[in-house]
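The values are calculated or read from the model by the stated rules, or taken from the named source; none is laboratory data. Owing to the predicted nature of the structure, the values given are computational and were not obtained by experimental measurement. When we count neighbours, we look across all protein chains shown, and the Cβ atoms used for this are built from the backbone with ideal geometry, even at glycine.
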Amino acid sequence: MSDLALSPEKITADLLPQKFSKRGMIWTGILIIICIAGAYAYFRQLKEGLIVTNMRDYVSWGIYISNFVFFVAISLVGSLITAVLRLANVHWSTPLTRIAEIIAVSAIVFASIIIVVDMGRPERFLNLFIHGRLQSPIIWDVVVIGTYFFLSLLLLYFPLLPDLKILIKNNNGSPKWLQRSYRFLGSFWKGSKEQFKISNKAITILCVTIIPVAFAIHTVTSWLFATTYRPGWDSTNFGAYFISGAFLVGAGAVVVAMYVFRKAYHLEKYITEFHFEKMGRIVVMLAFLYLYFNINEYLIPAFKMKKPEESHLTNLFAGEFAPLFWFAIFIGMIIPIIIMLFRRGRRPLPMFIAGIMVVVGAWFKRYLIVTPTLLHPFLPMSNVPVSFRHYFPSWEEWAIAMGSLAGALLVITFFARVFPIIPIHETIVEDERHA
Amino acid sequence: MKDMRKIKILVLFFCLLIASYDIAAQNDSTKPELSVTIHHFVINNSFQYLLVETKTKVGNKWQPLKRQVLQLYLDSNKPENLITKVMTDSDGKAKALIPSGLKSLWDAYAIHKFIVVTEGTSKEEETITESEITKAKILIDTSNLDSTRTVNVRVMRPGNDTWVPLKDVDVKIGVRRLGGDLKIGDEETYTTDSLGEVSAEFKLDNLPGDTKGNLILIAKVEDNDQIGSLSIDKIVPWGKIYKPIGASDFGFGDRSLWAARGKAPIWLMMMAYSIIAGVCGVILYLIFRMIKIRKLGRKEIYISAAVNV
């Protein structure tokens, strides 16, 4: 927050949810259209089957699983900003906690949805639970995703309680259904000392619990690949590699969201250049960490160049996937590092651009983790059709993937319309503490 | 004039050349080469059948003649001697059994003739192929003297009132296995002597048999010009007792990471369930804390309402 102390009334007035502006309406409309296109594509997939996708016997995990890994990665941001920084008693991150938490919740919801989309027979989804084998990392993933969702929801809800009281009190002009929702969610919150004591203890417990669960979700997702003996996946490094990547993309997403909310809701007094400066340092550190794991992940197999790895690696470094690979490395890591390494690069606009680079680079990185390996099986089929040896998603796959991304953004957009995107009560307390 | 004559001769020569080529081409298209082979099989001296193989020459290659109708006759191609009418399969082959109605004719003579008539079509002409077979039988016996196991086989043909030995017939002796017949000794084939007999030492010690240690010995004569193909088998307890391998022998029944759902390792179950229980416990505790906050809030509402009253 800016050094200038603000009155609680001013803070409340500034941070209360605002109606969509014209730009907000256009943004929401575009997202809804993309979601409808995705829903139509999914309807076609349900009707015709997975044949409408370009996934075949070789690439059976295509853009959907890449998207899933991306969503899982981005959801880690909740535990980074909220839990890690809160437990470390870092106060500057207060305005960013709710942004981080809603990104985490929406990402984990769409990670679950995209997995169901990838299933050829989604009506058999329940069989995962009825007939699932405890020995399979897929079941571990189902368990940790469910657990992480509930914990993220609770971590979003507990700190929201004092703000719900403020929302109920300042509900002039809100639609009736919204007022009823506020009352249902938080009318019992009186802000008594005992309630605060219980709530603060619960938040601390949540922060302690969510960190191992968040690590578990990313490690287990990496094990979906690493427990398979295939070039590009057969690595003991994968858990740490995934976690470091998840931290980076999550932090990048928060930077983008910070800039957008700051601009859209005129929150310059609350999300200041100081916050961008701090987040910039974090993103640089995380980008270096992820780059380090990438060097480990590619340099060592490339040094040994074992026969099964050879075609996979040469394809990445200088073959069919080389443009995408170097794009992901440079746009997703090296250029953002160069931008944010300098103080001038840690200002809002350069940070926003670097944040977008990190997120886009991360999406393509997930695609590169999933697809090229599948195109290089250990036991290639004889007389395999040409369509098996190349993969480019069909329009249905693109529409569904983009629809899911738009859906996640829509959840965040609607949340910011209904609830304060910066915690009002915590900001007032922080402001009083500074004063 | 001389030039004119030369031209006339040349024109005549070319006309003849073209005409001869056309005639040859017509002959080729109307009469493709056809090959019909008849095989007669007798199994265990009781069951017999015919196998007819047909081929046609396409270009320089022999190809199976598919879906060709064949009429099979015994001894003469009269309607009453018709064995059956069959159609060749995709390999150009057709099988037929000799019907019981021809038993008296079969029993009456020692030598028979099989006649195959291919039905004429627009492309092929009717052809008749014959094959002569002498009735024969094959017998198998075993002996086990001084730990030497021997297989004795006799091949005979009908004589006047009785069966007489058939010499100089090649016989294969083996043990029936899943992938084919395994020869019992060093020789590929054994030739019958003047008594129509062959003997072969059984050298396959420690060969796995069935669950009782039984092996199936087989003796066969293959595509003999005179007697066709004959085979006979005999069960002998000369193999090692086979113990069936169950799922448990491979460890599939044990608890392991690759076992079925109900066979998850105990350590994994304990670890996973204790982690799940621990995290669910935390979530439940937090939900109870939320209920407590709700209760505290409601209590405060009642107190303030009471104070106002």
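Every condition in (1) touching a helix residue (DSSP H, G or I) at 6+ places or on another chain (Cβ under 9 Å); (2) aromatic (Phe, Trp, Tyr); (3) not in a helix (DSSP H, G or I) is met by residue A:261 except one, and the failing one is (3).
What residue, of A:356, A:369, A:421, A:400, is outside any helix (DSSP H, G or I) and within 18 Å of the chain's Cα centre (by Cα)? Spell out how you get there, then give the answer.
Numbers: A:356 fails: outside any helix (DSSP H, G or I); A:369 fails: outside any helix (DSSP H, G or I); A:400 fails: outside any helix (DSSP H, G or I).
Step by step, each of A:356, A:369, A:421, A:400 is checked, and only A:421 is outside any helix (DSSP H, G or I) and within 18 Å of the chain's Cα centre (by Cα).
The single condition among (1) more than 11 Å from every other protein chain (Cβ to nearest Cβ); (2) part of a helix (DSSP H, G or I) that residue A:139 does not meet is (1).
Among the residues that make up the stretch B:269-277, is at least one of them of a type in the set (Phe, Trp, Tyr), out of contact with any helix residue (DSSP H, G or I) (no Cβ under 8 Å at 6 or more places or on another chain) and under 30 Å from residue A:189 (Cβ atoms)? No, the stretch B:269-277 contains no residue that is of a type in the set (Phe, Trp, Tyr), out of contact with any helix residue (DSSP H, G or I) (no Cβ under 8 Å at 6 or more places or on another chain) and under 30 Å from residue A:189 (Cβ atoms). Among the conditions (1) of a type outside the set (Asp, Glu); (2) in contact with a Phe, Trp or Tyr (Cβ under 8 Å, 6 or more places away or on another chain); (3) at pLDDT 90 or above, the only one that residue A:1 does not satisfy is (3). Among the residues of the stretch A:77-91, just one is surrounded by fewer than 16 Cβ atoms within 10 Å (Cβ to Cβ) and touching a Cys at 6+ places or on another chain (Cβ under 6 Å), namely A:87.
Name the residue, out of A:157, A:148, that is under 28 Å from residue A:185 (Cβ atoms), of a type in the set (Phe, Trp, Tyr) and touching a residue at least 60 places away in the same chain (Cβ under 8 Å).
Details: A:157 fails: touching a residue at least 60 places away in the same chain (Cβ under 8 Å).
Only one candidate passes the filter, namely A:148.
Please verify whether residue A:196 is more than 7 Å from every other protein chain (Cβ to nearest Cβ), surrounded by 12 or more Cβ atoms within 10 Å (Cβ to Cβ) and without any contact (Cβ under 8 Å) to a residue 60 or more places away in the chain, treating the condition exactly as stated. Yes: the conditions hold for residue A:196.
Does residue A:32 satisfy the condition of being modelled with pLDDT of 95 or more and surrounded by fewer than 22 Cβ atoms within 10 Å (Cβ to Cβ)? When the stated conditions are applied, residue A:32 passes them.
Scanning the stretch B:40-79 for residues that are among the small types (Gly, Ala, Ser) and under 20 Å from residue B:111 (Cα atoms) returns B:46, B:76. Filtered by the rule that a residue be in a strand (DSSP E or B) and closer than 16 Å to residue B:232 by Cβ, the stretch B:114-149 gives B:137, B:138, B:139, B:140, B:141, B:142.
Which numbered condition in (1) among the aliphatic types (A, V, I, L, M); (2) within 12 Å of another protein chain (Cβ to nearest Cβ); (3) in contact with a Phe, Trp or Tyr (Cβ under 9 Å, 6 or more places away or on another chain) is the only one that residue A:243 fails? Single failed check for residue A:243: (2).
Which is more than 14 Å from every other protein chain (Cβ to nearest Cβ), part of a helix (DSSP H, G or I) and either within 16 Å of the chain's Cα centre (by Cα) or on the phi < 0 side of the Ramachandran plot (or both), of A:208, A:213, A:256?
On the way: A:208 fails: more than 14 Å from every other protein chain (Cβ to nearest Cβ); A:213 fails: more than 14 Å from every other protein chain (Cβ to nearest Cβ).
Answer to the selection: A:256.
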